[in-house]
Structure formats: structure tokens, C-alpha cells
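K.L.:
My questions all concern the structure below.
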Amino acid sequence: MSEISVSDVQSLRVNFLGELIQPHDAGYDAARAAWNADIDRRPALIARCRGVADVIAAVRFSRERDVLTSVRGGRHAVAGHAVCDDGVVIDLSEMRGCRVDAGAGVIRAEGGCLNEHVDRESQAFGMAVTGGIVSHTGIAGLALGGGIGHLMRAFGLTIDSLVSCDVVTASGELVVANDRENADLFWGLRGGGGNFGIVTSFEFKLHRLPSTVLAGMVAWPMDEAPAVLRFLREFLAGAPDEVGVMGNLRLAPPLPGVPAELHGKPIVALVMTYAGAVEDGERILDPVRRFRSPALDAVGPRPYTAHQKMFDAALPHGRHYYWKSHRLPPLTDEIIDIVVEHSAAITSPLSTVPIFSLGGAVARIPEADTAFPNRDAAHDINIVASWLAGDERDRHVAWVRRFFDALEPYSRGVYVNFTSDDAAERTRSAAYSPEQWTRLVALKRKYDPTNFFAMNANIPPTPD
Ligand SMILES: Cc1cc2nc3c(=O)[nH]c(=O)nc-3n(C[C@H](O)[C@H](O)[C@H](O)COP(=O)(O)OP(=O)(O)OC[C@H]3O[C@@H](n4cnc5c(N)ncnc54)[C@H](O)[C@@H]3O)c2cc1C
């Protein structure tokens, strides 16, 4: 790897519309920050692209100089993949344009869009595509890994609605990937992460979703968690696809809407979303809201875009985070006991244990169609520790690891977007099926034989 000189940067500036940010620039520290404050890396250059031409120029610049390169979308990857030390960050955060074609029922979103941009533009036309549960997550990283969220049981994963991508490859060429052109690349982009190129824009098919949905949280004291999780298992087995449900175990945060008497107390919550008419949702979600007199029932009709921001304040930029995750089968009594025992031992009021529920439309897409494995699994559990600067990191990390280890015997792998410091090992061993892995490695060899895109849940161009 070589270094970047002043004259190098000057030569790039001639052909670059966006900002070029270096360590001596005033905005450098803000520009190099990842969502996770545990990541502290110092790139030599941040190339903040304004469009496809800038992305091409930045890729060619890095390539010619053989410097470490990372790609930044929403900078949410907990392992800090968006930011590299000493090299070049190709930053798409200024590329946030979205355009809905209501007649065709599609949205075109630039590669730096966040969930909130896609949600807002789609909902202006009474439509939506499955996005993540935090509005400041980047659509690029989310979609390239699969994309799970409140609407997935109704509309499938984010990738299941992907129609086409514009991609700048490792050689600095712009190509289109969809069912007709570069179909092999299109397959790999639907689950294979940022390994094959920089997606400068995504086109997604949109689905009808009323702008007001029945949604919100129902919560019980942690003592009720074994019963609530058993109830979740039974309820999910018969729930229609329109029902999105996510478990969440944590200490109740002092946020608006959470009664003061619950603040700081351990709770188990079910976060409900009904992707259909509110009246239908009232009937179908009624058993959840009546189960064992909850301590909090905040389910009600609300704008979908507001529901999509419900966790924004609980998972802000700039705190310290560490997480590990498993994909799980339906919750057996043994799994429930482990989840409850370890959730009750949580070490920080900022930590949280979301349990996403798959099923519905996710499970109906054949596994071979995309690079997303274990579609027939029931849940993704993410054990998320969070703490403030100065707090004892080791204690929180140890809690995550103990919890993770206890669930290991039941694991059905890992959602690639929930890998962390374990990405290097688990991307290979747990994130894909053997067939998918073989195909992904071959695709990497074709599109990125020198592993130019290495700052990610990496798929190497050679099998080992
Ligand atoms: C608070 C929070 C909530 C989350 N909630 C969900 C959720 O509900 N559902 C879910 O599925 N996931 C969720 N995730 C996980 C999330 O999908 C991943 O962290 C994802 O990588 C974030 O993408 P990003 O663009 O924000 O991140 P970045 O850190 O910018 O990028 C992540 C990876 O994608 C690559 N990349 C970024 N942009 C591009 C591009 N345009 N082209 C090619 N490669 C690119 C990067 O190089 C990096 O390797 C959440 C994460 C956080 C931190």
C-alpha cells in the first residue's frame, strides 16, 4: 500500500466535484466518525462524492495508488467498515436523491440515502419498501446485506423488492445489474454486501401501504418474559403476513411515552406493525394487547414514517456499541430460558436485545434466488451492548459474549449485516450456505479479483 501526497490530492481535485477532506481540514473529525464511537480511524482522504462521475474518479484514484479504500453509505456498520485507517474513504453521504415513479410503482434511490429518505418519498405516494427499524441507517449497506424490518413479513426483505442497481466496479466502470444485464452480479448484490462494487443508485419496487398504520409497542415487566415469548411463538405461528412483530428486552428507557414508573426497570416488549387497514389490525393485534395486562400499550394508529423513527433516539450516533447475533429457529422453551436469563443480567441501561421475526413473504422466496440464506428460520436476535465514553467496556462486551455463547448450540448462522468484530470469520463460516459461498467467491473473482473492496464482511476472491 502506498501513501497519498499533496500533489496526488490536487490531481484528483481537478476532476472531482465534491469535497475532498484531509486530516488538516476543519470538518475532518466529523467526516471520519462512524456511528459506533468505539471505532476511531484516521483516513488520509475522505472523497465526498456528488455523483457517479466522482465515484468513478475516486475508485480510479485509489486503484492507481493501491491505497486501502472503504465505502461509506450511512456509516452504521458496527465494525466500522465505512472508515479505514490511512487510506481513502469514498463517501456517498451527499448522494441522497430519491425519485418515485408512481405509475411504475418504483423508487430510484441514490447510494447514500438513509432509510428515512426512502420512507419519506415513498409514503408521499402511499407506498413503501421494507426498510430497517432505525431511520438513520443507510439504505445501501442495509439492502446489500438483505434488509430486515417491520414490513418484511408482508413485502419480503429489502432485496426482494430490488429491481436494478447502477454499480461502479473495482475497475472504475459503471455497469447496470438487474435480471437482464449482469444477472450474476445482481444475484450477488442481493445479500453479498459491498463486495462487488459501489452501488450509486438502487431501484426498488414499491408496495401499497397506507400512510397511517396500526403500530407501536406493548410491554410487560421482565418477570413475564417467559410467558410473553411463549405467547409470541404461538401468535406468530398463526399470524397473517401483514403482522410485523419484534421482541425487545432491555431496561425501560426514560423516553417520552414510557411511563415514569417503568424507567430503568427490566421489560420485555413486543413491537407491533400491521401493514394493512387499521381496522383489520385492531382485530388481529387484539390478543397481543390483552395478553396478561401489559404495563404499557402504546399501539395506535400512527404515520408509518413516525413508526420508523421509534428507535432513533435509543440507538443514536456517537455512543459506544458492541454486538453479536444469531439467526434462530422458532423459540423453544430452552432458547426462551437462555434469552430471559441473560437479558435479566444486562449490564447497561443503554443496551438492548431486539428479536426480529422472519417468516411470511421472507420465507416464500426460493433460497437460490438471492444470496440471503436460511429464509425459513424464525428470528434474528441481536445482542447489543451500548455505553457512554469512560464506562467499563469489558463488562458490557463480556455480557454480549456470554449471552451469544449460550445461544450458540441453537444458532442457524448469522445475518451478515449483524456481524461485528467477528465478520472476518463468520462471513465465511455462518453467513451463507455452502452453495451461496462458492457462488459468491466466484463472483468476487470475476468482479473484484484483487479484493479492492475489502472493508466489509469480506468475501475473498479465492476460496481460502
Ligand atoms: C442502529 C442500527 C439499526 C439497524 N437496524 C437494522 C434493521 O432494522 N434491519 C437491517 O437489516 N439491518 C439493520 N442494521 C444493520 C445495518 O443494515 C448494517 O449496519 C448496514 O451495513 C448499514 O449500512 P450503512 O450504509 O448505514 O453502513 P456503512 O457502514 O456506511 O456501510 C456498511 C457496508 O456497506 C458498504 N457500503 C455502503 N454503502 C455502499 C454502497 N453505496 N455501495 C456498495 N457498498 C456500500 C460499506 O463499505 C460497508 O462495508 C442496523 C444497524 C444499526 C447501527
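K.L.:
Among Phe452, Phe155, Phe125, what is the fewest-to-most ranking by other Cβ atoms within 10 Å?
P.N.:
So the residues, fewest neighbours to most, are Phe125, Phe452, Phe155.
K.L.:
Turning to a different aspect of this structure: What is the gain in length, in nm to one decimal, between Ala313 and Val175 on full extension, counting 0.36 nm per residue of separation less the C-alpha to C-alpha distance?
P.N.:
45.9 nm
K.L.:
Rounding to the nearest 20 debye, state how big the charge dipole of the stretch 6-91 is about its Cα centre with +1 on each Lys and Arg Cβ and -1 on each Asp and Glu Cβ.
P.N.:
240 debye
K.L.:
Then there is this: Given the stretch 6-91, what percent of its DSSP beta bridges are antiparallel, to the nearest 5?
P.N.:
20 percent
K.L.:
Tell me the mean residue ellipticity at 222 nm calculated for the chain from its helices only (DSSP H runs of n ≥ 4, each -39500 (n - 2.57), averaged over every residue, nearest 500).
P.N.:
Calculated mean residue ellipticity at 222 nm is -8500 deg cm²/dmol.
K.L.:
Please turn the phi angles of the stretch 149-164 into ³J(HN,Hα) values with the Karplus equation 6.51 cos²θ - 1.76 cosθ + 1.60 (θ = phi - 60°), one per residue in order, whole Hz, x for glycine and proline.
P.N.:
x, 4, 9, 5, 5, 8, 10, x, 5, 4, 5, 6, 9, 6, 9, 6
K.L.:
When the dipole is taken about the Cα centre of the stretch 212-423, and only Lys, Arg (+1) and Asp, Glu (-1) are charged at their Cβ, what size is it in debye, to the nearest 20?
P.N.:
Here the size comes out at about 320 debye.
K.L.:
So, one more: Loop by DSSP (not H, G, I, E, B), at most 13 other beta-carbon atoms within 10 Å: where is the longest site-free stretch of the chain for trypsin sites (Lys or Arg not before Pro)?
P.N.:
Maximal segment without exposed cleavage sites: 1-179.
K.L.:
Distance between Cα centroids, the stretch 300-327 to the stretch 74-121: provide it in whole Å.
P.N.:
Using only Cα atoms to place each centre, the spacing works out to 17 Å.
K.L.:
Reachable aspartates and glutamates from Lys446, Cα under 20 Å, same-chain residues fewer than 8 places away excluded?
P.N.:
Reachable aspartates and glutamates: Glu64, Asp66, Asp166, Glu173, Asp179, Glu181, Asp184, Asp369, Glu435, Asp464.
K.L.:
Between the alpha-carbon centers of the stretch 344-416 and the stretch 181-250, tell me the distance in whole angstrom.
P.N.:
13 Å
K.L.:
If contacts are Cα pairs under 8 angstrom and at least 6 residues apart, what is the relative contact order of the chain in percent?
P.N.:
Relative contact order, the chain: 16 percent.
K.L.:
FRET efficiency for Ala124 and Ala260, Cβ-Cβ distance as r, R0 = 30 Å, nearest 0.05?
P.N.:
Here the calculated transfer efficiency is 0.25.
K.L.:
For Tyr28 and Asp391 in one chain, what is 0.36 nm times their gap in residues minus the Cα-Cα distance, to one decimal in nm?
P.N.:
128.1 nm
K.L.:
With a 10 Å Cβ neighbour count serving as the proxy for reagent exposure, in which order, fewest first, do Thr462, Thr347 appear?
P.N.:
Thr462, Thr347
Here, each number is a calculation from the coordinates, and none is a lab measurement. Fair warning: this is a prediction, and the values are worked out from it, not measured in the lab. Counting neighbours? That spans all protein chains shown, and the Cβs are built from the backbone with ideal geometry, glycine included.
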